[in-house]
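Step one of this worksheet: look at the structure below.
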C-alpha cells in the first residue's frame, strides 16, 4: 500500500506540474497536411498541423509566407485581442484599431470557412472563395490570383466581413499561432533547411465554453487532489 500511495503522489505531482504548461505562450508546430481543396493552384481550407504533438486543424491567415510539409517551427501563442506582435502585424504594417479590425474580419471569415468545410456536402469553390477573402484582409494581393466569378464572390465575402470589423465575437473563438522569428525553422528533425521560410501564421478554434468549463473543473480537481495527497504525505512522514 505504501508503494501505491507513493505512485499516486508522484502521478498527482506530475499532473500538477503539467497543468500550468497548458498556459505556455509558445508551441511546437509541424505542418502535416494541406487538405484536399485547391483554387488557383493554392491549397485552400483548413490545413492540419501537429501542435505540441497533437494533430490539429489550423486555418492560415497569412498569404505573405509559405509553409512546407513536414516543416517544424516554434510559434508564439496569442489569445485575441493580444496580437500586437504577430507575423501579420509585422508584414501588413497594421497597428492599433486597424489591426484589431482586420483580425475581427479574419475571425468572421474563419468561422464561415469552417462552416463551409463542415457542410454535409462541402463545396470546394465556396471554400476557396472564402479563404482568398480571408487572406486578402492582410494581403490584398491575394485577390489578384483569382478572376471572373470566383474573384467577384471572394470580393463579396470580403465586403461582408468588413461589416464585422468592430465585432470581436468571431476572432475571440480562436487562438493565434504566429511563428517566432527569432528561432530557426526546419523541415526535418535533424535540422534540414526549408525551401522557403518563415512559416505562416495560423488560427486554431478554441474549445466551446462548455468544454472550457469542463477543463476548469478537471484542473480544479487535479489541484484539490494535489492538496489532499501532499497532506497525506506530510502525515505519513509525521
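Observations on the model:
- Each of 202, 185, 64, 174 was scored by other Cβ atoms within 10 Å of its Cβ. Listed from fewest to most, they are 64, 185, 174, 202.
- Residues 177, 83, sorted so that the one with the fewest Cβ neighbours within 10 Å comes first: 83, 177
- Using a cutoff of 8 angstrom between alpha carbon atoms and counting only pairs six or more residues apart, the relative contact order for the stretch 25-206 works out to 32 percent.
- Each of 205, 87 was scored by other Cβ atoms within 10 Å of its Cβ. Listed from fewest to most, they are 205, 87.
- In terms of its Cα atoms, the stretch 25-206 spans 45, 35, 29 Å along the principal axes, sorted from long to short.
- Proportion of all alpha-carbon pairs of the stretch 56-98 beyond 12 Å (%): 71
Values quoted throughout were computed directly from the atomic coordinates according to the rules given, and no laboratory measurement underlies them. Keep in mind the model is a prediction, meaning the values are calculated, not measured. In this analysis, Cβ positions are derived from the backbone assuming ideal geometry, glycine residues included, and neighbour counts consider all displayed protein chains.
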